[in-house]
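Colleague: To start, I am sharing the structure in question, which I have written as structure tokens.
The values are calculated or read from the model by the stated rules, or taken from the named source; none is laboratory data. What you see is a predicted model; the values in this text were computed from it and never measured. Every residue, glycine among them, receives a Cβ derived from its backbone with ideal geometry; neighbour counts consider all protein chains shown.
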């Protein structure tokens with residue numbers, strides 16, 4: 001059928017003879033180099049973060065000792081006191097409040113969606129939950145300040161709740177994280193093999209007993225991973241705490257009082273007029289370094305756990 | 001309720017001893033699980049209702065100067081002719097302010113509506129003394145009128161929508177009544193344009209490399225893990241990175257002085273639209289890469305093999321077959337990332353968004369503000385008017401994000417129809 005004739009595209013090929021040798025293709029090499037470069041941008045970003053945070057905070061730690069930074073209970077840059085504990089404390093309080101909302105609710109949503117809901121209900125509910133995660137966080141900050149705080153004041157007494165308080169920021173943050181937790185938990189629950197479920201039913205367990213005593217324990221590692229990732233998200237969350245938790249470091253465990261978190265402090269200080277190469281400026285990078293290390297560790301632990309349980313069941 | 005009915009009938013008595021209570025517990029918890037789901041949806045509804053509630057409602061206005069004292073012969077300001085308005089302005093405005101406005105545009109050339117606006121903003125100066133939310137306005141109308149009869153006898157109660165055409169098309173001013181968000185909308189669009197220009201090609205190229213070319217070696221595995229880790233880095237850290245690298249390190253480029261562009265008026269010192277756009281691009285890059293990778297992975301291998309089998313090169317296969325087949329998914333993922341970028345606030349505050357801009361951003365080397373930044377600014381003010389314009393700005397922001405998503409869904413469906421392979 002095909003008559004061997006002079007190949008117009010590759011005149012060097014003998015007619016009728018197919019060459020399977022690899023021809024160098026300069027354009028493709030250029031394209032490939034460009035692709036590698038783009039993939040390497042992510043490494044450059046990581047390097048950039050490490051170098052920027054490293055150099056600025058090493059300049060900071062030349063003047064403030066690491067011990068003073070990590071154990072000081074007062075953060076007052078104007079008088080040279082750089083103890084991160086008040087900021088860290090506020091971060092922990094808001095994050096815990098967030099997890100207290102997000103974990104039980106997220107688990108409830110996940111169990112409902114994975115075990116009880118019909119296909120149609122699931123298909124309608126999941127996109128709605130995703131909308132919650134898609135709303136900009138500054139809108140949640142607005143919500144916390146204008147709705148949740150007045151509500152708390154009404155419930156807990158006008159005087160005991162301050163205008164800015166870590167509780168309202170934390171509660172709203174919990175709502176923000178809820179979709180993340182519920183979708184990760186749901187993935188974990190539905191990846192539990194069917195055989196486990198059927199074995200439980202065969203033993204006479206009710207649907208609830210199967211869910212809570214068989215499926216949830218079997219998916220525990222996935223749930224733990226979701227919890228850790230949610231915690232990391234809560235620690236790094238900024239706008240809600242910047243708007244609703246308060247301005248000014250305050251070393252208190254009372255969630256009804258105003259306190260500034262690490263992220264809130266960075267935003268407030270860098271939003272104002274700040275001169276480069278001042279201690280104020282460098283201290284922000286030291287805080288950012290702590291933030292980076294904490295969230296990175298949590299994320300890596302979470303990923304490690306997810307990977308591990310995947311290997312067990314697949 | 002799997003396995004309920006049939007086992008109960010034939011069960012031995014000792015087997016069914018607490019079956020009823022077990023089922024009751026099952027029902028109780030089932031309700032709990034359902035309630036938590038409903039609660040989550042309730043939060044979303046509460047959020048939307050609050051915003052709508054705050055974006056409309058009664059306001060009580062009191063004029064600083066009584067309108068009737070300005071006009072003679074029982075005329076009304078709105079119906080006055082231009083010459084009469086000119087005399088009102090000349091009589092009541094301080095000479096300095098008069099000259100300043102005259103310099104902007106001579107009064108003799110201004111139209112009646114323009115003069116009327118000048119009289120209102122410069123002389124009458126209506127002040128908001130109280131604001132109400134939509135629900136108060138709808139259900140508590142009598143109380144509001146009662147309250148204001150006593151407190152503000154010469155005030156007028158009008159129903160005001162805080163989202164108006166003027167709000168959309170006017171530039172920022174310091175006065176909540178007359179401010180607009182055009183400056184912020186322009187800032188957002190310019191910033192996002194930079195973000196798209198940089199992050200789309202880079203992200204998709206990186207995804208192609210990782211999915212199509214990369215062999216399973218240590219370097220590529222490291223790149224992959226690194227991308228996952230970057231996706232979890234808090235956005236504020238990217239702000240710090242942008243501040244140190246784009247604002248300070250690359251100042252000649254990001255401020256435009258390297259290209260001979262000198263921004264008119266105030267110096268931006270690298271705190272420009274360009275810096276903001278690049279920061280956001282770096283921020284959403286991991287998300288775009290991960291989404292694009294998933295899209296490319298979903299293309300069936302048979303498509304690649306058939307293309308390679310007829311003699312296409314690797315790149316031809318990717319360009320003509322793999323990418324078109326995955327374009328709809330890539331687009332969806334990228335748009336999700338872009339809507340995240342539009343809503344980002346914290347990194348832009350750190351990079352140095354201007355808190356107040358007197359002129360709209362004209363180029364990528366201009367100072368910038370964006371919608372979320374304005375929402376942040378207005379929300380943190382204590383006065384209630386600012387709370388209402390914050391709500392109005394949120395409405396604009398959500399509408400912008402919604403229309404972007406709608407656009408993406410329509411384009412995706414179009415692409416899907418053209419596609420040869422599902």
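Colleague: Condition first: surrounded by 24 or more Cβ atoms within 10 Å (Cβ to Cβ), under 19 Å from the mean Cα position of the chain (by Cα) and either farther than 29 Å from residue A:45 by Cα or more than 14 Å from chain A (Cβ to nearest Cβ) (or both). Can you find one or more residues in the range B:354-363 that meet it? Full working, then the answer.
Modeller: The first filter runs over the range B:354-363 and keeps only residues surrounded by 24 or more Cβ atoms within 10 Å (Cβ to Cβ), leaving B:361.
So of that shortlist, the ones also under 19 Å from the mean Cα position of the chain (by Cα) come out as B:361.
Keeping just the survivors that are either farther than 29 Å from residue A:45 by Cα or more than 14 Å from chain A (Cβ to nearest Cβ) (or both) gives B:361.
So far as the range B:354-363 goes, yes, one or more of its residues are surrounded by 24 or more Cβ atoms within 10 Å (Cβ to Cβ), under 19 Å from the mean Cα position of the chain (by Cα) and either farther than 29 Å from residue A:45 by Cα or more than 14 Å from chain A (Cβ to nearest Cβ) (or both).
Colleague: Taking the range A:130-140, which residues are at pLDDT 90 or above and either under 17 Å from the mean Cα position of the chain (by Cα) or more than 7 Å from every other protein chain (Cβ to nearest Cβ) (or both)?
Modeller: A:135, A:136, A:137, A:138, A:140
Colleague: Answer yes or no as to whether residue A:231 is within 11 Å of chain B (Cβ to nearest Cβ), at pLDDT 90 or above and touching a helix residue (DSSP H, G or I) at 6+ places or on another chain (Cβ under 7 Å).
Modeller: no
Colleague: Can you tell me which of (1) over 20 Å from the mean Cα position of the chain (by Cα); (2) within 12 Å of another protein chain (Cβ to nearest Cβ) is the one residue A:280 doesn't meet?
Modeller: Status for residue A:280: all satisfied but (2).
Colleague: In the range A:250-277, which residues are more than 7 Å from chain B (Cβ to nearest Cβ) and buried (at least 24 other Cβ atoms within 10 Å of the Cβ)?
Modeller: A:259, A:260, A:261, A:262, A:264, A:265 - these are the residues of the range A:250-277 that are more than 7 Å from chain B (Cβ to nearest Cβ) and buried (at least 24 other Cβ atoms within 10 Å of the Cβ).
Colleague: All but one of (1) under 21 Å from residue B:175 (Cβ atoms); (2) at pLDDT 75 or above; (3) surrounded by 14 or more Cβ atoms within 10 Å (Cβ to Cβ) hold for residue B:70; which doesn't?
Modeller: (2)
Colleague: Moving on. Restricting to the range B:228-245, count the residues that are in contact (Cβ under 8 Å) with a residue 60 or more places away in the chain and surrounded by fewer than 24 Cβ atoms within 10 Å (Cβ to Cβ).
Modeller: Matching residues across the range B:228-245 total 1.
Colleague: Restricting the search to the range A:200-215, which residues are within 12 Å of chain B (Cβ to nearest Cβ) and assigned to a helix (DSSP H, G or I)?
Modeller: Of the range A:200-215, the ones within 12 Å of chain B (Cβ to nearest Cβ) are A:200-213.
Residues satisfying the conditions are A:200, A:201, A:202, A:207, A:208, A:209, A:210, A:211, A:212, A:213.
Colleague: Look through A:160, A:195 and report the one residue that is exposed (fewer than 14 other Cβ atoms within 10 Å of the Cβ) and outside any helix (DSSP H, G or I).
Modeller: Only one candidate qualifies: A:160.
Colleague: If you don't mind, there's one more thing I want to ask. Test of understanding: among B:185, B:245, B:192, B:208, which residue is closer than 15 Å to residue A:46 by Cα and assigned to a helix (DSSP H, G or I)?
Modeller: Sole residue among the options that is closer than 15 Å to residue A:46 by Cα and assigned to a helix (DSSP H, G or I): B:245.
Colleague: Kindly check whether there is at least one residue in the range B:389-398 that is closer than 22 Å to residue B:195 by Cα and more than 11 Å from chain A (Cβ to nearest Cβ).
Modeller: yes
Colleague: Just checking, how many residues over the range B:282-311 are surrounded by fewer than 18 Cβ atoms within 10 Å (Cβ to Cβ), at pLDDT 90 or above and within 14 Å of chain A (Cβ to nearest Cβ)?
Modeller: 3
Colleague: Out of (1) more than 24 Å from residue B:122 (Cβ to Cβ); (2) modelled with pLDDT of 80 or more, the odd one out for residue B:147 is which?
Modeller: That leaves (2) as the condition not met.
A quick yes/no check of all residues on (1) closer than 23 Å to residue B:226 by Cα; (2) more than 34 Å from the chain's Cα centre (by Cα); (3) modelled with pLDDT under 90:
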{"residue": "A:9", "(1), (2), (3)": "no, yes, yes"}
{"residue": "A:13", "(1), (2), (3)": "no, yes, yes"}
{"residue": "A:17", "(1), (2), (3)": "no, yes, yes"}
{"residue": "A:23", "(1), (2), (3)": "no, yes, yes"}
{"residue": "A:30", "(1), (2), (3)": "no, yes, no"}
{"residue": "A:34", "(1), (2), (3)": "yes, no, no"}
{"residue": "A:45", "(1), (2), (3)": "yes, no, no"}
{"residue": "A:48", "(1), (2), (3)": "yes, no, no"}
{"residue": "A:54", "(1), (2), (3)": "yes, no, no"}
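Colleague: Additional query: Can you find a residue that is without any contact (Cβ under 8 Å) to a residue 60 or more places away in the chain, surrounded by 16 or more Cβ atoms within 10 Å (Cβ to Cβ) and outside any helix (DSSP H, G or I) anywhere in the range B:91-103?
Modeller: yes
Colleague: Name every residue in the range B:135-161 that is out of contact with any strand residue (DSSP E or B) (no Cβ under 7 Å at 6 or more places or on another chain) and either surrounded by 13 or more Cβ atoms within 10 Å (Cβ to Cβ) or in a loop (DSSP other than H, G, I, E, B) (or both), in order of residue number.
Modeller: Those that are out of contact with any strand residue (DSSP E or B) (no Cβ under 7 Å at 6 or more places or on another chain) and either surrounded by 13 or more Cβ atoms within 10 Å (Cβ to Cβ) or in a loop (DSSP other than H, G, I, E, B) (or both): B:135, B:138, B:140, B:141, B:147, B:153.
Colleague: It is to be established whether one or more residues within the range B:49-56 are at positive phi, at pLDDT below 90 and either within 27 Å of the chain's Cα centre (by Cα) or assigned to a helix (DSSP H, G or I) (or both).
Modeller: no
Colleague: Pairs please, first residue from the range A:66-79 and without any contact (Cβ under 8 Å) to a residue 12 or more places away in the chain, second anywhere and assigned to a helix (DSSP H, G or I), Cβ atoms under 7 Å, 6+ apart in sequence or on different chains.
Modeller: From residues that are without any contact (Cβ under 8 Å) to a residue 12 or more places away in the chain, there are no pairs.
Colleague: Find the residue count for the range B:211-242, including only residues that are within 17 Å of residue A:270 (Cα to Cα) and outside any helix (DSSP H, G or I).
Modeller: So the count comes out to 1.
Colleague: Being within 20 Å of residue B:200 (Cα to Cα) and more than 10 Å from every other protein chain (Cβ to nearest Cβ) is the requirement here; does residue B:411 meet it? Working first, answer last.
Modeller: Numbers: within 20 Å of residue B:200 (Cα to Cα): yes; more than 10 Å from every other protein chain (Cβ to nearest Cβ): yes.
Yes: the conditions hold for residue B:411.
Colleague: So, one more: Could you tell me whether the range A:147-154 includes any residue that is away from chain B (no Cβ under 14 Å), over 21 Å from residue A:247 (Cβ atoms) and touching a residue at least 60 places away in the same chain (Cβ under 8 Å)?
Modeller: No, the range A:147-154 contains no residue that is away from chain B (no Cβ under 14 Å), over 21 Å from residue A:247 (Cβ atoms) and touching a residue at least 60 places away in the same chain (Cβ under 8 Å).
Colleague: Something else now. Of the conditions (1) touching a helix residue (DSSP H, G or I) at 6+ places or on another chain (Cβ under 6 Å); (2) closer than 21 Å to residue A:263 by Cα; (3) facing chain A (nearest Cβ under 7 Å), residue B:233 clears all except one; give me its number.
Modeller: Status for residue B:233: all satisfied but (1).
Colleague: So if I check each of A:243, A:293, which one is within 21 Å of the chain's Cα centre (by Cα) and buried (at least 20 other Cβ atoms within 10 Å of the Cβ)?
Modeller: On inspection, the qualifying residue turns out to be A:243.
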